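What follows is a set of notes on a single structure, which appears directly below.
The values are calculated or read from the model by the stated rules, or taken from the named source; none is laboratory data. No experiment lies behind these values; they were computed from the predicted model shown. A quick note on method: Cβ atoms are made from the backbone with ideal geometry, for glycine too, and the neighbour counts reach across all protein chains shown. Each accessible area value is taken on the protein alone, full model and side chains, heavy atoms only, with ligands, DNA and RNA left out. Shrake-Rupley method; radii C 1.70, N 1.55, O 1.52, S 1.80 Å.
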Amino acid sequence: MEFGICFKGFVSPERARHLVRQAETGGFSHCWFYDSPILWPDPYPMMAMCMEHTTNMRFGPCVTNPNARDWSMAASLFGSLARQGGGRFDVGLGRGDSFLRMMGKKPAKLARVAEFTEKLKAVIRGEEIEYEEITESVQFSWAQGHDVPVWIAAYGPKALKTAGEYGDGVILQIADPSICKWLADQAINAGEAAGRDMSNFRVMSAAPAFTGPMDECIEKTRWFPAMVGNHVADIVEKYGQDTDRVPRSLTEYIEKRRGYDYKKHGQSDNPYLDFITPDIVESFGVLGQVDDHIDKLKQLEAAGITQFNIYLDNGDEERLIADYAEKIIPKMS
């Protein structure tokens, strides 16, 4: 299993440099950043900075979307970072949540996510492409042939299908092993049905982690199921509360959800957390003492997870990275 860390955007440049060096030395392979520039600073300058202070760690947004930037800007930016980092760049891609909703816009259509994935990868490899409204084909003469992996974030059946058919991996924003297996299987089955070789398809569990007494861990990460619930609410609106197209365990906990404040996206002081119960927080994250983490990570690995990506901003980040580096990652080798 690979391990990653993910920043929301609050971290200072000085601390980011320290944390990525600590994480890379401790066995983490990836560093991801939220891409929601109204809420937080643009992450790409910090990625470029962190690349210069690491050797092997890979970087990328978790997640961006096809409507965040003009496609040519996005492709040029991502290709430039792949070039600068010697190929150490991945793309986490979704339909668009906080980024677009903060501007009163709707998420991108899945067809656009699929096309963006294909064209983005092709143009960064140096191929000549045609894309949507452009009248002439485009080619980056400076491209160096980097193959940028694209991970597609998904919960719902159509998004999972898109991830399996077009992505190099799928991002599951949850760490419940049974739910992760159900969702991952949908993506993999879709890819196989489309005739793809899925043997190298990657599955990420992106969720908070915290080590210590369970009550403290739960308090530190209560914000997370509310963020998940915001996505699940879209699925329920589309398919209904009793749909069999997503696991019942993923939909039933939001029955008492009242709303969501995007200005407090991913934060513990979001006012809409009263429907979150301790058992849901424990189920959705990786919490507790070191042995609890090892046990759950092995369950996730058995469920098909290939990378555990820690949403890091819960406090005591240096201690958490040290716990993983010294006590947890070595047990997962």
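Assorted remarks:
- Residue pairs whose Cβ atoms lie under 8 Å apart, separated by 6 or more positions or on different chains, with the first residue in region 305-316 and aromatic (F, W, Y) and the second open to solvent by 10 Å² or more (accessible area, probe 1.4 Å), are F308/M1; F308/E2.
- The condition of being without any contact (Cβ under 8 Å) to a residue 60 or more places away in the chain, part of a loop (DSSP other than H, G, I, E, B) and more than 25 Å from G240 (Cα to Cα) does not hold for G191.
- Of all residues in region 209-250, those being surrounded by 20 or more Cβ atoms within 10 Å (Cβ to Cβ) and touching a Lys or Arg at 6+ places or on another chain (Cβ under 6 Å) number 2.
- Extreme residue, surrounded by the fewest Cβ atoms within 10 Å (Cβ to Cβ), among residues of region 269-286 that are touching a Lys or Arg at 6+ places or on another chain (Cβ under 6 Å) and modelled with pLDDT under 70: Y272
- Matching option when the condition is open to solvent by 20 Å² or more (accessible area, probe 1.4 Å), among the aromatic types (F, W, Y) and modelled with pLDDT of 95 or more, among Y260, Y166, Y253: Y166
- Any hit, region 299-316, residues being acidic (D, E) and closer than 16 Å to S205 by Cβ: yes
- Residue in region 151-158 that is open to solvent by 30 Å² or more (accessible area, probe 1.4 Å), within 30 Å of D292 (Cβ to Cβ) and basic (K, R) present: no
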